[in-house]
Each structure stands twice: as C-alpha cells, then as structure tokens.
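Asks: There's a structure below that I have some questions on.
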Amino acid sequence: MSALRKLFRFHGGVKPDYHKHASTRQPIAGTPIPAELVIPLHQSIGGPPRPLVQAGERVLKGQRIGDADGNVSSAVHASTSGTVTAVEMRRMPHTSGLSALCVVIKPDGRDEWIARQSFDFRNASPTETRDYLRDAGVVGLGGAVFPSHLKLNAGKQGRLDTLVLNGAECEPFITCDDVLMRERGEAILKGAAIMREMLAAGRVLIGIEDNKPEAIAAMMAAARAAGDDAIQVVAVPTRYPAGGAKQLIRVLTGIEVPHGERSTDYGVQCFNVGTAYATHDAIALGQPLISRIVTVAGNVGQARNYEVLFGTPMRDLIAPCAPLPDSDRVIMGGPMMGFRMPGDDVPVVKATNCVLVGSDALFPPPPPEMSCIRCGECAKVCPSDLQPFEMYWFARARLFGKAQEYHLFDCIECGCCAYVCPSRIPLVDYYRFAKSEIWAREVEKEAADQARDRYEFRLLREEREKQEKAAKLAAKTAAGREKAAAALAEAEKPARTPEEEAKHALIAAALERAKAQKERAHPENTSNLSPEQQAEIAAIEARRAEIREQAKPHLRADD
Amino acid sequence: MHNSPYFLKPASVRSVMLRVLLALLPGIAAYVWFFGAAVLVQIALASVTALLAEAAMLKLRGKPLMLYLGDGSALVTAWLIALTFPPIAPWWLTVIGVLAAIVVAKHLYGGLGQNPFNPAMVAFALMIVAYPSLMSQWPAVGFTDFAPQLNAIFGPRQLDAITMATPLDALRTALHTEEARATVAGVLGSSASFGNIGGKGWEWVAAGYFLGGLYLLQQRIITWHMPAAFLLTLLVISGAFAAFDPGHFAGPSFHLFTGGAMLGAFFIVTDPVSGCTTPRGKLFFAAGIGLLTWIIRAFGAYPDGIAFAVLLMNIAAPLIDMNTQPPVFGHKDKRGSAK
Ligand code: SF4
Ligand code: SF4
C-alpha cells in the first residue's frame, strides 16, 4: 500500500542524466548458457570461500562449490550443471586485473538442478536460518555484496521498527532493480516478508525513486495483492545517491545512522530489492544464489536487462546488445561509482548490477585537474555532510591523520563532489588513496605490535627457562635435593630476588605499555570491529593496490 | 585511464569566473552612465596587465599556461581592482596595483586557490597607503567627458575640473574637520555628491552590483550567507548608531549604497579562496567584515574600510572555518537530524 508520508531530506546529492530509458524498453531476457563458466570463489565481503570441488568432478546446477569461510563469508554455487575443468587463478572483475581462485565449469547443457527443497524457516532457529542463507550464498545485490545472513539479525532489542527495501536505484544507466520490481514484485514481497519475520520488523518501507513510475505501480499492485498493511511503497525524490542505504533510511525514516554503527541499533535494517528476491528463492524454492539481473547499457545499440548465470563472461553478455564500434571499455556498475574492468572476458559475479560499455564519446576523459578554488561546491553536494575540499587538501599533503579528523571514513565514495568540482579534481581518487594508505599503515602497525609482543614474550620465556635450568642443575647435585625443590618452586613463582622482581616488573610494564600504545594508536581499531567494519576493511584492502596505482599520477607533486 | 565518476557535470573554473564577470556588467553600465567611460579604460588596462602578469608567473612557476590563463580568475581580480580604484587614477597606479595583486598576493602565495588574502584588496590597501591622494581623486558625477578623463589617466593631469570628493570622503571630511555644528543631515543636504539614498550616481552603480549579485545567487556561484551577513551587520550597526546620534552617524541606506558596500557584499567578501567555507563560518566572516568596515568608515583615517576589513578577516578565516565545521551525517543533534 502506499500512503502520503512525510519524507526527509538528505543533504546534498546531484542530478546527473539518468539514461535509464534505453534498457527498460524490453523485459528481462535470459542468456544462453556460455561455453565456459568461470566462477570466482570470493564474490562477497568477508573471507574467501574454500573450494569444495576438484577438476574433473561433475557438478549440478545449484551445487555448492565453495564453502563459507567462517561466519563472515558466503558460499558459492555452480550456476549450471557440467564438469569442473579447473580450479585455478583467473582474472577477476576488478580494475587492477588481479587474479583469484575460480572454479571453471564446462557446462553439459542439461542445466540439471540439485534436489531443491524449501527451507522451513518458521520451524528453524534464527541461527539455523542464517546459516542456511549463508550456505545459499545470499548476499546484498545492490553492489556491496555484504553477506545477508549477518544483517538478518534484529540486534539488541530482538525486534526492529522498520525494514527498508531499497528500490531507489539512483545510479545512471542501471535498471536491474527497476525491471525486477516491474516483473517480479510478488516474489520480492515474499522475500521481504521472510526478512521481516526474521527481524521482527514492525513495517516494511519500499523506497523507489520517483523516476520509476512503472516499478512503483507494479510494487503497489503487488502490495495490494499481498494485502499486508505493514508494507508500504514509497516514492522518493530522484536525487543521486538516494539509493545509498543510509541516505534512503534517512529519507524514509528521518534517522541518520552514523558511520561505523549498526542501523539495527536505530531500529532499521535495509536490503536491496534484489536481495529480498534472492532470499525468497533460497528459502521458499530452495534455490541458492546462482544468477542475477544485470543491466547491459551505455555505448550499445540495444540496452537491456538479462538474467545472468554467475561466471558468464561479460563479453557474452555484451555481444547481443550491439556494442557501438567505438566502444573501448567495460565498466562494472554505474558511471558514478563503477569500476573499469581489465577486459571484457571477466565473469559476471554477484556484485555485477550493470555492465556498462563505454567510449571516449560517452565518458570523455576529464579535463586537466586544476587547483581547488575552495568554491565549496563539493561540500554543498556531499551526502555525508563532509567538507570534501578539506579532505582533499590533507590527502594531497599526505596528512592522513588530519584527513581522518575531517571524517574521511564517513565518505561513501559516491562521487558527487568530483561530479560538480569546477576544477575537475578527481576527489574520490584522493579519498580512496588516503583510505588505503591509512588501512595499510594500521595493518603494518598491527603486525609490528604483534612482533613486539612476541619478542617480549620470548624474553619472559627465556628468563623462565634459565631459572628452570638452574633448578634442574641444582637438582642434579646429590646434596641439593631439597634446595632443588625450593629452586623449582621459586622458578614457578613469578620471581623472588629483587633483581628478578624488577626485571619482571619491567617486562610487565613494557607489555602493558605496548598494549596501551596499540590501543591509542588505533583510531579505527582494526582488531575489535563489527562484521560491517571488518568487511569494509576487507573491501578497502582488496582495492588498495589498485588505488595506489591509480592515484599515483595525481599525487606527483606539481608545486 | 580515469576512475569513477565517469560522468562529470559540465562545470569549469572558467565558466564560474566568466559568470562573475557577467554579473559585474550592470554595475559597470551604471558606472559608465554616471561617471564616464574612464572606468572602461581602467578595466582594459587592468585586464591586459593581469593577463600578462599571470602568464609570466605561470611560466616562471612551470605551470600549464593555457590551462590556467584561460581560467578567468586573473580577469576577475583585474576587474575588481579597476572598479575599486578611482577611474581617473593614473595608468601606472592601476598597473602597479594589478601587479601587486597577481604577482605578490596570488602567485607568490602559490597561485590559484592558495592565496590567503584577497588579491584585489591587497592591491587596494597597498595603493591607498602608498598613494592616498591619488586614490582619493574621483570623478564628479555627471561629468562624463572622455577626453579630460583620458588625460587624467595618461597625463598630463588637470584634475580640478573633473574631480569631486566621494560621498564617504565628503561626509568624513565634513564631520571630522569642519566646526562641530556639521551634522550628517546638513552635509548630505548641502553637497552635490549625495543623491536620494546614497551617493549620487553611486547609488545606481550599487543597484547594478546588487542586480549582478542576485544573478550570482541564482546561479549558485555564491550563497546568501556572506552578502546577507555583511549587509545586515552594516545595516544594524549603522542604524543603531544613527538612531543614537543622528547628527554624527550616517544611516544604513547611506552606508549600504555608497562606497564599495554592494560590490563588496557580492563580489569581494564572497571570494571563496581567501574567505570562510563553512555555512556558519561564512556568517561570522562576513559579519566581521561588516563590523570592521563600519568602524573604519566611522572612526578611521581612510574613507572606505572594506579593503582593510576584508584583509583582517582573511587572517581569521582558517580559524573560523576550523571552529565551525558542520556536523557530519549521523552526528547532528536531534534538531539537526530532524530538519
Ligand atoms: S568543488 Fe572542487 S574547487 Fe570547489 S571547493 Fe570543492 S574541491 Fe575545491
Ligand atoms: S565521494 Fe565522499 S566526499 Fe565526495 S560527495 Fe561522496 S561522500 Fe562526500
């Protein structure tokens, strides 16, 4: 149901050209099974899954081929039936062209499913349901690929006020959520109902940007059909990045979830509509996540949305869309936050919401970067209410601590600032660079701290061994049995002589100091983090090498 | 290879600067109407000097010449200097002023975006200290003959016929030097310099700048904070003192429509590079300039105080910014987050 409700504003935002029409003219299409599927094991935030299959093995569609590595991880599955031809390093859909372990499958064309069985989540404990979703490989399909089971947890209160379904889809060109909502609203709502039960959420708000009237109408019809008053479809003003989880929560509920905090502590949780759909597939149909809707758009003659098996090479997807002759690049994601691919051979993965074909004509190279004139345009549009030019200043000067003081880590890398900057400064590159440098330093520091701890521990141990040796030596002397016993006892005790006492005190103090120092030195403590934060670190780490490369040209001191 | 965002809004420093120049045109038109074409000569002189100086400095500093020369920032500085200097000032006064602004105030401090002081105001302050009399010779209103003005600029100078005290100057001189009976009302009524609400002729120029300012607001090149805070402060304080002692303090309309108040409010105080950037910081910054301007006008030795007020507040700008950082997303107080 929809109602006129009071909406809230988030600060800033921009209105780029949307280019959404081209890919929504036709319904979602299937794609033929490709000749070879390359399924990366690591497709979500968190630990890379462990391979469960070997070359030569036959696999069925939906068979688990990678097992979640711990709880902050998510399983991966074969997207069709066939034979595993290799488990090897292949190029990832990643700007740097880095390779990672992939399961390569030669499809047999039969597309034969595993035995599928719905999961009776009502008779399962919440932990069991979460484990099930983890093993079904359900992750956030808005692009962040955060394991969904970790978010399906009502938190301290055991219940939530609001479950937000994110159908805003604010990035230009991307329409995969739009068409999904138009065509499969019912399943989305069923998924949302499962999520709502797991979270004990009072209401479900489905936020859709008002430039998608068809999707809004379809979802409203589906909500009417479901007959559930707690579900409301809400049209939100079209303004990038209204589809950012925090921005959408803000618009719908007025709540601002600060950086580094869980939205559940504020009574809200937010999922992409595609994730709700995948949840329904997994629970109600027993189908793990093996495909998703992908928009193919940009410099193509026929933009369209496809339901794509994970592991399908992007080029297979682009070919039927009639790419224009001057196309020279493939971008995964949208033009605001997407990443350029190292080639068109990389596979579609869970994070692939859009395959954007580009050319110099469509995405002209930016004009040369000039000095910041402190015009404040960037601050006006920053949805995190930051002062982007100040962070830029400090990042450029490598004053990373100062950049952090200006809330560098609250930056969501939405690109609004760079979009409007009249000096054409690639601001986001500077933030990516600064973040990666800060994380790198902390990781190094952590390692150094650990080494120091180990060293100090060794000192302690050597001291103790010396004493024990002395005791044993004493024990050997026939006359010294009693003395030996005493010495042994003495060695067991911390220390007895004044010198020893002092030494031990010193060591203890040093350890204390090291510990305190470690705690002090970690403004963004890496050892004591929520899964979200760990995931964030992991994501940032993964991009670090690449970013350093990219940022180098800008950081060559030119004055 | 570049990274996201791959889409950029069509925007450039040049387009910002060109729109600032465009916004100056109505004021300039009124200026020419009431005071003759001399100001156009000054603008041309200042522009050429500024571009040459900018090119030389860019070359010396090994910067991409065409990229920065085309940004228009030197032209904005040049025009502001031409508009704040007397239009019949000798040519070398303008040239030195522009050189001081571009070479010293801008490039020696690091070039575009790095200068802590407003270059045009540095030029004005330097010149009024060094050549106070030359900086105080203004053309008489309505005396728009071009030839004598041109003579004044390029010599030989015969000034008496064409100059006249500016309204601020006339008022200050009258109040400070004549017998104690001189009152604001008396001075305003008696002198040919004064018009209906501000200085004669000047009030129209000010209106032109105001119009241009509205355009800048509409184009979102400036925000309302600075002009509003500056003009309101000037209005409130001059209003308060005029109410308290109307004999010795001129009222708000006089202050707002004479001298550089309107030009300052929309084009000088709002210089982003040397001013504050946070919304609250902008308010403090511009209010400070308003207050200092009034103090210097009312009690100081110089007729108009805007240049010194701006430079003083430039010093304070970083500190104000540091202490007025707006709360970031999720860290606002209850009221902030519910706004
Ligand atoms: S938009 Fe660009 S030029 Fe303007 S303040 Fe921000 S970084 Fe500087
Ligand atoms: S990229 Fe970061 S700094 Fe720039 S607008 Fe987005 S959140 Fe703000």
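The values are calculated or read from the model by the stated rules, or taken from the named source; none is laboratory data. It should be emphasised that the depicted structure is a prediction, and the values quoted were computed from it without experimental measurement. Note that each Cβ is placed from the backbone with ideal geometry, even for glycine, and that neighbours are counted across all protein chains shown. Just the protein is used for accessible areas: all its heavy atoms, side chains included, with ligands, DNA and RNA removed. Shrake-Rupley method; radii C 1.70, N 1.55, O 1.52, S 1.80 Å.
Asks: Can you tell me which residue within the range A:358-405, out of those that are more than 8 Å from ligand 1 (Cβ to nearest atom) and on the phi > 0 side of the Ramachandran plot, is least open to solvent (accessible area, probe 1.4 Å)?
Replies: So the residue we want is A:ASP385.
Asks: Among the numbered criteria (1) touching a strand residue (DSSP E or B) at 6+ places or on another chain (Cβ under 9 Å); (2) at pLDDT 80 or above, which single criterion is violated by B:SER193?
Replies: In the conditions (1) touching a strand residue (DSSP E or B) at 6+ places or on another chain (Cβ under 9 Å); (2) at pLDDT 80 or above, B:SER193 misses (2) alone.
Asks: Write out, first by first residue and then by second, each pair whose Cβ atoms fall under 6 Å of each other, whose residues are 6+ apart or on separate chains, and whose first residue, in the range A:412-437, is on the phi > 0 side of the Ramachandran plot while the second is within 7 Å of ligand 2 (Cβ to nearest atom) and not hydroxyl-bearing (Ser, Thr, Tyr).
Replies: A:GLU413/A:VAL428; A:GLY415/A:VAL428
Asks: Name every residue in the range A:243-267 that is in contact with an Asp or Glu (Cβ under 6 Å, 6 or more places away or on another chain) and part of a loop (DSSP other than H, G, I, E, B), in order of residue number. Before the answer, list the steps.
Replies: First, the residues of the range A:243-267 that are in contact with an Asp or Glu (Cβ under 6 Å, 6 or more places away or on another chain): A:243, A:250, A:259, A:267.
If the condition is that a residue be in contact with an Asp or Glu (Cβ under 6 Å, 6 or more places away or on another chain) and part of a loop (DSSP other than H, G, I, E, B), then A:GLY243, A:HIS259, A:GLY267 are the ones that fit.
Asks: Quick one: in the range B:324-334, of everything that is surrounded by fewer than 24 Cβ atoms within 10 Å (Cβ to Cβ) and in contact with a helix residue (DSSP H, G or I) (Cβ under 8 Å, 6 or more places away or on another chain), which residue is farthest from the other protein chains (Cβ to nearest Cβ)?
Replies: Let us first name the residues in the range B:324-334 that are surrounded by fewer than 24 Cβ atoms within 10 Å (Cβ to Cβ), namely B:324-328, B:330-334.
If we keep only those that are in contact with a helix residue (DSSP H, G or I) (Cβ under 8 Å, 6 or more places away or on another chain) too, we end up with B:324, B:326-328, B:330.
On the way: B:THR324: 10, B:PRO326: 6, B:PRO327: 7, B:VAL328: 5, B:GLY330: 3 Å.
Result: B:THR324.
Asks: Right, something else. Restricting attention to the range A:369-388, which residues are near ligand 2 (Cβ under 9 Å from one of its atoms) and at the interface with chain B (Cβ under 8 Å from one of its Cβ atoms)? Talk me through it step by step, then tell me what you get.
Replies: Applying the first criterion (near ligand 2 (Cβ under 9 Å from one of its atoms)) to the range A:369-388 yields A:378-379, A:381-388.
Within the range A:369-388, A:ALA379, A:PRO383, A:SER384, A:ASP385, A:LEU386, A:GLN387 qualify.
Asks: Would you mind listing the strands (runs of 3 or more DSSP E) fully within the range A:1-113 where at least 1 residues are outside the structural domain of A:LEU165 (by TED's automatic domain parsing) and out of contact with any Leu (no Cβ under 8 Å at 6 or more places or on another chain)? Walk me through how you get there before you give the answer.
Replies: Numbers: elements: A:37-40, A:64-67, A:82-91, A:99-107.
So the answer is A:37-40, A:82-91, A:99-107.
Asks: For residues that are in a strand (DSSP E or B), more than 14 Å from chain B (Cβ to nearest Cβ), touching a helix residue (DSSP H, G or I) at 6+ places or on another chain (Cβ under 9 Å) and not aromatic (Phe, Trp, Tyr), tally how many sit in the range A:271-298.
Replies: The initial filter retains those residues of the range A:271-298 that are in a strand (DSSP E or B), namely A:271-272, A:291-298.
Right, trim to more than 14 Å from chain B (Cβ to nearest Cβ) and you get A:271-272, A:291-296.
Keeping just the survivors that are touching a helix residue (DSSP H, G or I) at 6+ places or on another chain (Cβ under 9 Å) gives A:271-272, A:292-296.
Next, only the ones that are not aromatic (Phe, Trp, Tyr) stay: A:272, A:292-296.
Residues in the range A:271-298 being in a strand (DSSP E or B), more than 14 Å from chain B (Cβ to nearest Cβ), touching a helix residue (DSSP H, G or I) at 6+ places or on another chain (Cβ under 9 Å) and not aromatic (Phe, Trp, Tyr): 6 in total.
Asks: Here's something else I'd like to know. Looking at the range A:146-184 only, could you name the residues that are in a helix (DSSP H, G or I), open to solvent by less than 10 Å² (accessible area, probe 1.4 Å) and closer than 17 Å to A:ILE216 by Cβ? Spell out the reasoning first.
Replies: Here is the first cut: in the range A:146-184, the residues in a helix (DSSP H, G or I) are A:148-151, A:176-184.
Within this subset, residues satisfying the condition of being open to solvent by less than 10 Å² (accessible area, probe 1.4 Å) are A:148-149, A:176, A:178-181.
Correct list: A:CYS176, A:ASP178, A:VAL179, A:LEU180, A:MET181.
Asks: Within the bounds of the range A:148-163, is there any residue that is on the phi > 0 side of the Ramachandran plot and hydrophobic (A, V, I, L, M, F, W, C)? Can you show your working first?
Replies: The initial filter retains those residues of the range A:148-163 that are on the phi > 0 side of the Ramachandran plot, namely A:155, A:158.
Subsequent filtering for residues that are hydrophobic (A, V, I, L, M, F, W, C) retains none.
The answer is no, given that none of the residues of the range A:148-163 is on the phi > 0 side of the Ramachandran plot and hydrophobic (A, V, I, L, M, F, W, C).
Asks: Against the conditions (1) assigned to a helix (DSSP H, G or I); (2) among the small types (Gly, Ala, Ser); (3) farther than 20 Å from B:GLN325 by Cα; (4) within 15 Å of ligand 1 (Cβ to nearest atom), where does A:SER423 fall short? Just the number, please.
Replies: Unmet condition: (1).
Asks: Shifting gears a bit: Only one of these is out of contact with any helix residue (DSSP H, G or I) (no Cβ under 9 Å at 6 or more places or on another chain) and of a type outside the set (Lys, Arg): A:PRO48, A:PRO16, A:PRO27, A:PRO34. Name it.
Replies: Working: A:PRO16 fails: out of contact with any helix residue (DSSP H, G or I) (no Cβ under 9 Å at 6 or more places or on another chain); A:PRO27 fails: out of contact with any helix residue (DSSP H, G or I) (no Cβ under 9 Å at 6 or more places or on another chain); A:PRO34 fails: out of contact with any helix residue (DSSP H, G or I) (no Cβ under 9 Å at 6 or more places or on another chain).
Going through A:PRO48, A:PRO16, A:PRO27, A:PRO34 in turn, just one is out of contact with any helix residue (DSSP H, G or I) (no Cβ under 9 Å at 6 or more places or on another chain) and of a type outside the set (Lys, Arg): A:PRO48.
Asks: Being within 11 Å of ligand 2 (Cβ to nearest atom), touching a Phe, Trp or Tyr at 6+ places or on another chain (Cβ under 7 Å) and open to solvent by 10 Å² or more (accessible area, probe 1.4 Å): is that true of A:GLU413 here? I'd like the intermediate steps shown before the answer.
Replies: Details: within 11 Å of ligand 2 (Cβ to nearest atom): yes; touching a Phe, Trp or Tyr at 6+ places or on another chain (Cβ under 7 Å): yes; open to solvent by 10 Å² or more (accessible area, probe 1.4 Å): yes.
Yes.
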